[in-house]
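Beneath this line is the structure, given in structure tokens, with notes to follow.
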Amino acid sequence: SLLVSKLDVDRRSDGRLAALLRLTQTRSQPCKAVVRFLRDVEAAILIDHPGDDTINQTLPEANHASRLETSGDKISLSMAGHAVVDLLVVFDHPDSE
């Protein structure tokens with residue numbers, strides 16, 4: 001019931017790989033969603049108004065309300081029925097890069 005309706009991946013100005021993601025809950029029921037990636041996630045935040053330079057947005061502190069729970073390659077969030085959310089996901093910078 002969760003649709004990834006937009007996914008843009010790019011390098012941030014600091015060199016880290018990041019993604020802008022739009023998720024849509026397609027049912028009228030709330031859900032607890034988990035999104036997994038092929039790379040570990042350093043941080044994921046909710047974006048109120050995506051703009052031209054959102055990919056380089058400064059990340060808030062770990063306890064900030066807009067930061068989502070992450071664990072390894074997973075992001076966890078709760079979504080209301082028919083909700084649409086925009087996320088900025090910044091991936092861990094592997095030692096090999």
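Surface composition of the chain: carbon plus sulfur atoms hold 46% of the accessible area, using a 1.4 angstrom probe and ignoring ligands, DNA and RNA. Using every pair of distinct Cα positions in the range 1-40, the Kirkwood expression returns a hydrodynamic radius of 12.0 angstrom. Judged by the mean number of other Cβ atoms found within 10 Å, the most tightly packed of the peptides 67-78, 7-18 leads the ranking 67-78, 7-18.
The residues of the chain expose on average 62 square angstrom of accessible surface per residue, using a 1.4 Å probe on protein heavy atoms. Using only side-chain charges placed at the Cβ, +1 for Lys and Arg and -1 for Asp and Glu, the dipole size of the chain relative to its Cα centre rounds to 540 debye.
The values are calculated or read from the model by the stated rules, or taken from the named source; none is laboratory data. None of these values were measured; they are calculated from a predicted model. Glycine also receives a Cβ, built like all others from the backbone with ideal geometry; neighbour counts cover every protein chain displayed. Ligands, DNA and RNA are excluded from the accessible area calculation, which covers all protein heavy atoms including side chains. Shrake-Rupley method; radii C 1.70, N 1.55, O 1.52, S 1.80 Å.
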